[in-house]
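One structure is given below, encoded as structure tokens.
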Amino acid sequence: MSISGADLAAAIDQLSKADLRKADPFRPCLNFLIGHFTFTLAILAAALASLPKKSEELAPGVAAAIGGVLAWMAISALVASVVTLLVQFLKTRYIRQNILGLHPEPWTNLALVLCVLPLLPGAVAVFFCLRVGTALLPKASLLPSLGDALRSLLF
């Protein structure tokens, strides 16, 4: 079976268009955001599952810290969802312009900056975890400040 030059060129053109749909510069950003969102939801589920049936069973400082973790992780999940939508929009725009034969700027720098946004509320939640973790230590009686929490862990 032989193939003509025109058929070969058409097949190569189809393969190159298919490759443009698969290989895009936004895939690492989307993979990161999906992983972050999954991690955030796992933390939210674990924190909610660890709450006692009666709220009176929690010490006030621990209740405040767990509330802070839940609130900031929920904000982080929301930000990750919105950023994923924006990066997906940039990816779709990039693919459509490639299919039309245009050579668009991929806006990957914007996507990378957007990927940092969900990490900020997640970092605040980590600080809440640090504070509640040190409050649960045997010699702690109140919810310590962040500086006191770091000092008690390091020394």
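The values are calculated or read from the model by the stated rules, or taken from the named source; none is laboratory data. In this text the structure is predicted, and so the values were computed from the model without any measurement. Glycine gets a Cβ as well: all are built from the backbone with ideal geometry, and neighbour counts include every protein chain shown. For accessibility, only protein heavy atoms count, side chains too; no ligands or nucleic acids. Shrake-Rupley method; radii C 1.70, N 1.55, O 1.52, S 1.80 Å.
Name the residues in the range 80-96 that are open to solvent by 40 Å² or more (accessible area, probe 1.4 Å), among the β-branched types (V, I, T) and under 22 Å from Q14 (Cα atoms), would you?
Scanning the range 80-96 gives a single hit, T92.
What do you reckon, is S4 open to solvent by 40 Å² or more (accessible area, probe 1.4 Å), out of contact with any helix residue (DSSP H, G or I) (no Cβ under 9 Å at 6 or more places or on another chain), of a type in the set (S, T, N, Q) and modelled with pLDDT under 85?
yes
Six or more apart or on different chains, Cβ atoms under 8 Å: show the pairs whose first residue is in the range 34-57 and of a type in the set (F, W, Y) and whose second is in a helix (DSSP H, G or I).
Final answer for the pair search is F37/A77; F37/A80; F37/S81; F37/T84.
Which residue out of A59, A74, A18 is at pLDDT below 80 and touching a helix residue (DSSP H, G or I) at 6+ places or on another chain (Cβ under 9 Å)?
Checking each option against the conditions leaves just A59.
Answer with yes or no whether A45 is within 30 Å of G133 (Cβ to Cβ), at pLDDT 80 or above and surrounded by 12 or more Cβ atoms within 10 Å (Cβ to Cβ).
Spelling it out, it is not the case that A45 is within 30 Å of G133 (Cβ to Cβ), at pLDDT 80 or above and surrounded by 12 or more Cβ atoms within 10 Å (Cβ to Cβ).
Table: residues versus (1) of a type in the set (D, E); (2) open to solvent by less than 90 Å² (accessible area, probe 1.4 Å); (3) within 17 Å of the chain's Cα centre (by Cα).
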site	(1), (2), (3)
L8	no, yes, no
F26	no, yes, yes
H36	no, yes, yes
S50	no, yes, no
P60	no, no, no
G68	no, yes, no
L78	no, no, yes
N98	no, yes, no
N109	no, no, yes
